[in-house]
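The values are calculated or read from the model by the stated rules, or taken from the named source; none is laboratory data. What you see is a predicted model; the values in this text were computed from it and never measured. Positions of Cβ are generated from backbone atoms using ideal geometry, with glycine treated the same way; all protein chains shown enter the neighbour counts. Surface areas here come from the heavy atoms of the whole protein model, side chains and all, with no ligands, DNA or RNA. Shrake-Rupley method; radii C 1.70, N 1.55, O 1.52, S 1.80 Å.
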Amino acid sequence: MPKQRTSPGKAQKPVIIVGAGLAGLVAAFELSRLRIPVLLLDQENANNVGGQAFWSLGGIFCVDSSYQRRMGIKDSRELAMKDWFNSAQFDREKEDYWPRKWAEAFVNFATDEMEDYVKARGLGFLVSVGWAERGDGRADGHGNSVPRFHLTWGTGPEVVRVFAEPVKKAAKKGTVEFRHRHRVDEIILDEVTGRAVGVKGSILEEDNSPRGVKSSRTVVDQFEIHGAAVLVTSGGIGGNVDKVKASWPVDRLGPTVPQNFVIGVPHHVDGRMIDITESAGANVINRDRMWHYTEGLANWNPIWPGHGIRVLPAPSSLWIDANGKRLPNHLFPGCDTLGTLKYICSTGHDYTWFITDQAIVAREFALSGSEQNPDVTGKSVWGVLTQRVFSKKGTIPVQNFVKNGVDFVVKDNLEDLVEGMNQLVAKIPGGVPLEYQKIKEAVETRDSQFDNPFSKDAQTMLINSARTYWPDKRSRIAPPHKLLDKKKSGPLIAVRMNLLTRKTLGGIETNLKSQVMKADGSVFKGLYAAGEVAGFGGGGVHGYNSLEGTFLGGCIFSGRAAGLGIAEELGYDISKASNVRARL
């Protein structure tokens, strides 16, 4: 244990962590290893430890990993850094000062330490590396040049477990204390120095609702707690549609604010602590930067209000807008999330359509969420093989959505399919009836490019190119075929895709130690922020675009930085922590 510079006989106030999500757990883990007292406060009950990370697919962004090298993927720090900065498109001199530094630090961590750091905790990955967010079609533009999405064996619950278990173990020893149903309403500042010295808030009534279910907000008491430092790790605004709309960048993703969303995170992801921290004097930046998906489904079996699930698509489905027009080149499934979002908003409608078939859905429809992937979450090799590699219908959750989801239409011929789509359109306020001949022409035009192994169609070329990566060819991307070739593809399927709220890319400005910054550029003494509430580092480490796998990774990296930064401020020697390999 590093030597404590303060008097060992003096009782030490705890570090107060607001939010028991992944970033908070990682910080608590680092602090507890140094036997620094920690008090974890969360407005939800104990079932929700781990926060949004629990529900995630568990993808983590690593660079030049052992898994990539095993797959023959040539990645490097330099390539990842170019991809990151080309995607981030930092263009604000003041607001992007710390985000730029965080971006460079994160890519270095993802290259040098991420794999070893999480493996040391007991985390494992699937052998194959996924290729998410493939980009906008330019070498110097947005997107991953190579596969970097390392899927956790055990998905989000496993990511949470490897940090929650040692923190709970420390709780049994008295180093860490959890206080659930404690909602922070104010950060206490020292009247003389202005340092953050504690928090005030409300104790909510007991509510034993299952994880993710909307809980009671009835107040039964008040609390005031003083501590050695305050760390805010409370998440973003994705569960609060009003805040999402208020921050919507009409100038960039306009011309109007979308009115209809499905919700990708639990109701308690409400953004309250961003406002509370700002009221205390913190600088909040880049509010207009956010990450919402364009392939959202209304969950047929919802957990929280408006619960939506994202389809993580591979590139074969035909994507048309609400007017029946094929989306422009490079806006293909799985390529450019915000580019696609911008285009959809320009149509004046909040939804689009995939026209696809059984063969494509079985192979290419992966669903976000740990609960939607029981084979990987449950670490079942047999389940992965039978449902993903050899199945002709897809995973059980995918089959359930095809059968029960309100966004799905399944028919044996195109004319009946369009009729079924129009029956859904009739239920959408402002929905546009689709013209059969227009859809027929779009499908036949696409299909005409599959008569030969070569093509001039950009999407067809993308399909053929993507299948050169053998894991995708074997289990992720369907063999090229015509949608109207029923013998090869099975029934036709149309899927209405909704806009899905998810991540906040801006937030509380922090330096590389996760110390909160004030608007005048000075450090806010005693106050720290990490995870999504801080834009995953600095107030916006992603800039305008995510490369995927970077949200969990950002929580881990910024939570670790916060824990070590607080420890250093409290007088602990953290020199050995600068190299994770020295800590294994």
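Every listed requirement among (1) crowded, with 19+ Cβ neighbours inside 10 Å; (2) part of a helix (DSSP H, G or I) is met by His142 save one, (2). Among the residues making up the stretch 502-534, a single one is open to solvent by less than 10 Å² (accessible area, probe 1.4 Å) and in contact with a His (Cβ under 7 Å, 6 or more places away or on another chain): Leu505. If you filter the stretch 311-369 down to residues that are among the charged types (D, E, K, R) and in a loop (DSSP other than H, G, I, E, B), you find that the one that is surrounded by the fewest Cβ atoms within 10 Å (Cβ to Cβ) is Lys325. In summary, Ile188 fulfils each of the numbered conditions (1) touching a residue at least 60 places away in the same chain (Cβ under 8 Å); (2) surrounded by 15 or more Cβ atoms within 10 Å (Cβ to Cβ) with the single exception of condition (1).
The C-beta contact set for the stretch 319-333 (first residue farther than 20 Å from Met421 by Cα and of a type in the set (A, V, I, L, M, F, W, C), second residue in a loop (DSSP other than H, G, I, E, B) and open to solvent by less than 10 Å² (accessible area, probe 1.4 Å), distance under 8 angstrom, 6+ apart or interchain) comprises Phe332/Pro315. Before we move on, is Leu385 open to solvent by 30 Å² or more (accessible area, probe 1.4 Å), without any contact (Cβ under 8 Å) to a residue 12 or more places away in the chain, aliphatic (A, V, I, L, M) and part of a helix (DSSP H, G or I)? The answer is yes for Leu385.
Count of the stretch 371-382 residues, restricted to those that are under 26 Å from Trp304 (Cα atoms) and either touching a Phe, Trp or Tyr at 6+ places or on another chain (Cβ under 6 Å) or assigned to a loop (DSSP other than H, G, I, E, B) (or both), is 3. Annotation note: of Val244, Val262, Val230, Val269, the sole residue that is touching a residue at least 12 places away in the same chain (Cβ under 8 Å), among the β-branched types (Val, Ile, Thr), out of contact with any helix residue (DSSP H, G or I) (no Cβ under 8 Å at 6 or more places or on another chain) and closer than 19 Å to Cys555 by Cβ is Val230. For the stretch 62-72, indicate whether the set of residues that are open to solvent by less than 30 Å² (accessible area, probe 1.4 Å), among the aromatic types (Phe, Trp, Tyr) and under 27 Å from Ile309 (Cβ atoms) is non-empty. Yes, some residue in the stretch 62-72 is open to solvent by less than 30 Å² (accessible area, probe 1.4 Å), among the aromatic types (Phe, Trp, Tyr) and under 27 Å from Ile309 (Cβ atoms). For the stretch 388-418, a residue qualifies if it is part of a helix (DSSP H, G or I) and under 21 Å from Arg474 (Cα atoms), and the qualifying residues are Arg388, Val389, Ile396, Pro397, Val398, Gln399.
Scanning the stretch 334-359 for residues that are closer than 15 Å to Ile320 by Cβ and among the aliphatic types (A, V, I, L, M) gives Ile344, Ile355. Among the residues of the stretch 124-139, those identified as open to solvent by less than 30 Å² (accessible area, probe 1.4 Å) and either touching a residue at least 60 places away in the same chain (Cβ under 8 Å) or closer than 18 Å to Lys74 by Cα (or both) are Phe125, Val129, Gly130, Ala132, Glu133, Gly135, Asp136. Of the listed requirements (1) under 28 Å from the mean Cα position of the chain (by Cα); (2) open to solvent by less than 20 Å² (accessible area, probe 1.4 Å); (3) over 20 Å from Thr152 (Cα atoms), Val418 misses just one: (1).
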